[in-house]
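Inspection log for the structure reproduced underneath, given as structure tokens.
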């Protein structure tokens with residue numbers, strides 16, 4: 001049952017993870033997880049848990065996990081933006097074909113403000129890219 005378990009387990013949380021060392025070398029052959037660190041992905045900080053001292057091997061594994069996690073989060077973020085484009089298209093179709101007047105009244109101002117803000121940011125960013133390149 002315990003063959004092939006990783007040496008470390010990373011419990012993802014909102015802005016990072018808790019890092020556990022996995023141990024099966026005990027009398028009962030139970031899986032024990034000992035928290036050794038806390039990761040903050042926003043600032044790249046790794047804090048040892050309690051009075052623990054992290055080894056170079058611990059830090060190497062943690063840094064590798066952080067790099068892999070950053071890649072996953074970047075891909076998810078871009079995928080979320082592509083979903084927003086789809087949602088905007090579906091919203092336009094809904095507004096044109098199925099929306100009732102009271103439904104449109106409930107969402108029009110919020111949608112117009114959000115789209116105006118998004119357009120302003122996109123136009124400004126595009127102009128910045130054009131002037132740089």
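The values are calculated or read from the model by the stated rules, or taken from the named source; none is laboratory data. What you see is a predicted model; the values in this text were computed from it and never measured. Neighbour counts are summed over all protein chains in view; Cβ atoms, including those assigned to glycine, are modelled from backbone coordinates with ideal geometry.
Elements of the type strands (runs of 3 or more DSSP E) sitting completely within the stretch 8-101 and holding at least 2 residues that are at pLDDT below 95: these cover 16-23, 32-40. A single member of 28, 68 is exposed (fewer than 14 other Cβ atoms within 10 Å of the Cβ) and under 15 Å from residue 10 (Cα atoms), and it is 68. Would you call residue 48 surrounded by 12 or more Cβ atoms within 10 Å (Cβ to Cβ) and farther than 19 Å from residue 73 by Cβ? Spelling it out, residue 48 is indeed surrounded by 12 or more Cβ atoms within 10 Å (Cβ to Cβ) and farther than 19 Å from residue 73 by Cβ.
Residue-by-condition table, conditions (1) loosely packed, with under 10 Cβ neighbours inside 10 Å; (2) farther than 23 Å from residue 73 by Cβ:
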| position | (1), (2) |
| --- | --- |
| 5 | no, yes |
| 10 | no, no |
| 14 | yes, no |
| 24 | no, yes |
| 36 | no, no |
| 43 | yes, no |
| 60 | no, no |
